[in-house]
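All remarks here apply to the structure that follows.
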Amino acid sequence: MWAKFSQQEMARRWTLARDLMRHLELDGLLVYGSSGANRHDQANIFWLTNHLDLHHNYLVAPLDESIEPALYVGLVNHVPNAREIAQVPIVEWGGDHPAEKIAGRLREMGLQKGRLGLVGIKAKFAIGMPYQHYLQLRRALPELELVDVTAQFSRLREVKSEEEIAWLRKAAEITDEAVFALQERVRPGMAEYELLGIVHGTVWTLGGLPHITFLRSMPMDDPTGCVPAQNPSNRVIQKGDVIITEISASFWGYTGQIHRPFFVGADPNPTWQRLFDVALEAYQRIVQVMRPGATERDVIRAASVIGENGYAIYDDLIHGYGVDILPPLIDRSCCQYWPWDENRPAPEGRTFETNMAVVVQPNPITPDERMGLQLGALTVVTGDGSVALHRVPWEPIVLSV
């Protein structure tokens, strides 16, 4: 009834996790997750258990394969469904003070001492287990060494398996259908928030989970912002508007992402068309160089066309994806290397590998930050370059009115 990965796929993940424990000389992992942005702060727990929750959870993952992993669910009424979905043998309520339950389990495992790796949510933002839970665990097991390994664990998820890519393709298909629904149904007179109803209704009816629907509408001739807004307004769509978007739908945790501008009842004017053309050229150059062995420096050089045309970017140029944001990640600091100059190259950065899933999203903006668009898609690195998983055409979307 609920989507699940094969036993072979789950075994692959646990092997990687235990190899990491051995490498870092850990006796186990304590993995934390919370709901976050539509459950995606559960990514690390989900990867080892298949469980996506709307509240906090902990996974106790032992190095010793003879000891069963234990998932502690944040809310007691979530336990029955978690037991139906999770692919681990022990699923229990964590109680109002989950650190006490975790400490009890660690004692049963003989882990009053030793080294326990803590896996939080996102290393980039230093988001980990709640401080109160951490203090309770320290007091309960003062001789146990706690080591933050969030970044190291997240790297295990960067290269996707064939099963994971298949799920990403399903997510991309659902995301595309949401874009096509907007193309068919948006009309002047609608408020921005009504567009979320179109997207989310489409996603739910196709068996997906809505994740991101960011958008901003404005007159083409009087732009008011360079990136989509995270909160829709009650502004009414009008003929001659442009709607800039960032849309993600998930298939049981695995997520697509697409960026397209919509032009309401009129072709893009020359200024918007130029912005679109630069974004498209940047995307095409990036995917040509983003192949196994290439580096972040190669991508920044390829995207220099943005700076050469007098634009900067606001959002990330690229970021790893799948369940949540991952490296490789190139943020707006890359603008300092545009136009490209071989005498002051960007740092080499991370190296791309086959089956990395990366959102490529050039987002050129004007210097006054009043105008911009994103044009991109979830893209998989292959041996011959990179291939978008989405099928929405690479052209301005003009809405009939």
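Remarks
- Shape of segment 129-201, Cα gyration tensor, a/c cut at 1.5: oblate
- When the chain is described by a simple charge dipole with +1 on each Lys and Arg Cβ and -1 on each Asp and Glu Cβ, the residue from His200, Val149, Ala70 located farthest towards its positive end is Ala70.
- Computed from Cα atoms alone, the Kirkwood hydrodynamic radius reported for segment 266-377 is 14.1 Å.
- With all protein chains in place and ligands, DNA and RNA left out, the 1.4 Å accessible area ranks Ser400, Ser154 as Ser400, Ser154, largest first.
- When His259, His200 are compared by accessible area at a 1.4 angstrom probe, the order from most to least is His200, His259.
- Per-residue extension of 0.36 nm, minus the Cα-Cα distance of Ile67 and Lys113, leaves a gain of 14.9 nm for this segment.
- Difference of contour (0.36 nm per residue) and Cα-Cα distance, Thr224 to Arg274: 16.2 nm
- Rg(Cα)/(2.2 N^0.38 Å) for segment 179-329, N = residue count: 1.12
- Listed residues Trp14, Trp2, Tyr58: farthest to the positive end of the dipole of segment 1-64 (Cβ charges): Trp2
- Note on Gln284 and Trp2: their simple-model spin labels are 4.5 nm apart, each label 7 Å out from Cα toward Cβ.
- Between the beta carbons of Glu143 and Asn77, assuming R0 = 30 Å, the FRET efficiency works out to 0.25 to the nearest 0.05.
- Stretchable slack from Gln238 to Arg370, in nm (0.36 nm times residue separation minus alpha-carbon distance): 45.7 nm
- Counted by Cβ distance under 12 Å from Ile237, the other residues give a net charge of +2, where Lys and Arg count +1 and Asp and Glu count -1.
- Segment 152-288 - charge dipole about Cα centre, Lys and Arg +1 at Cβ, Asp and Glu -1, debye rounded to 20: 180
- With Cα atoms defining each centre, segment 24-89 and segment 168-241 are spaced 33 Å apart in the structure.
- Per-residue ellipticity at 222 nm from helix content only, as computed over the chain with -39500 (n - 2.57) for each DSSP H run of at least four residues, stands at -9500 deg cm²/dmol.
- With the whole protein complex present, Tyr134 retains an accessible surface near 70 Å², based on a 1.4 Å probe.
- In sequence order, calculated HN-Hα J values of segment 17-28 (Karplus, 6.51, -1.76, 1.60; Hz; x Gly/Pro): 5, 6, 4, 5, 4, 5, 4, 9, 6, 10, 8, x
- Taking every alpha-carbon pair under 8 Å whose residues sit at least 6 apart, segment 295-394 reaches a relative contact order of 29 percent.
- With the whole protein complex present, Lys122 retains an accessible surface near 40 Å², based on a 1.4 Å probe.
- Evaluated with a Cβ-only charge set (Lys, Arg +1; Asp, Glu -1), the chain carries a dipole of roughly 460 debye about its Cα centre, given to the nearest 20.
- For segment 343-394, trypsin sites (Lys or Arg not before Pro) meeting the loop criterion (DSSP other than H, G, I, E, B) and having at most 15 other Cβ atoms within 10 Å: Arg370, Arg391.
- Taking a point 7 Å out from the Cα of Leu206 in the direction of its Cβ, the residues of segment 216-258 whose backbone N falls within less than 15 Å of it are 246-258.
- For the chain, the relative contact order comes to 14 percent (Cα pairs under 8 Å, sequence separation of at least 6).
- Two-decimal ratio, segment 1-45, of alpha-carbon radius of gyration to 2.2 N^0.38 Å: 1.40
- Using the Cα coordinates of segment 161-240, the gyration tensor eigenvalues translate into equivalent-ellipsoid semi-axes of 28, 14, 11 Å, sorted from longest to shortest.
- More than 24 Å apart - percent of Cα-Cα pairs taken over segment 60-150: 20
- Ranking of Met218, Met1, Met109 by solvent-accessible surface, largest first: Met1, Met109, Met218 (1.4 Å probe, protein heavy atoms only, all chains present).
- Percent of Cα pairs exceeding the 25 Å cut-off, where the set is segment 1-129: 18
- Against the empirical 2.2 N^0.38 Å (N residues), segment 228-273 has a Cα radius of gyration ratio of 1.43.
- Size estimate for segment 260-308 follows the Kirkwood approach: the inverse of mean 1/r over distinct Cα pairs works out to 12.1 Å.
The values are calculated or read from the model by the stated rules, or taken from the named source; none is laboratory data. As the structure is a computational prediction, the values presented were derived from the model and not from experiment. All Cβ positions, even for glycine, are placed from backbone atoms using ideal geometry, and neighbour counts span all protein chains on display. Each accessible area value is taken on the protein alone, full model and side chains, heavy atoms only, with ligands, DNA and RNA left out. Shrake-Rupley method; radii C 1.70, N 1.55, O 1.52, S 1.80 Å.
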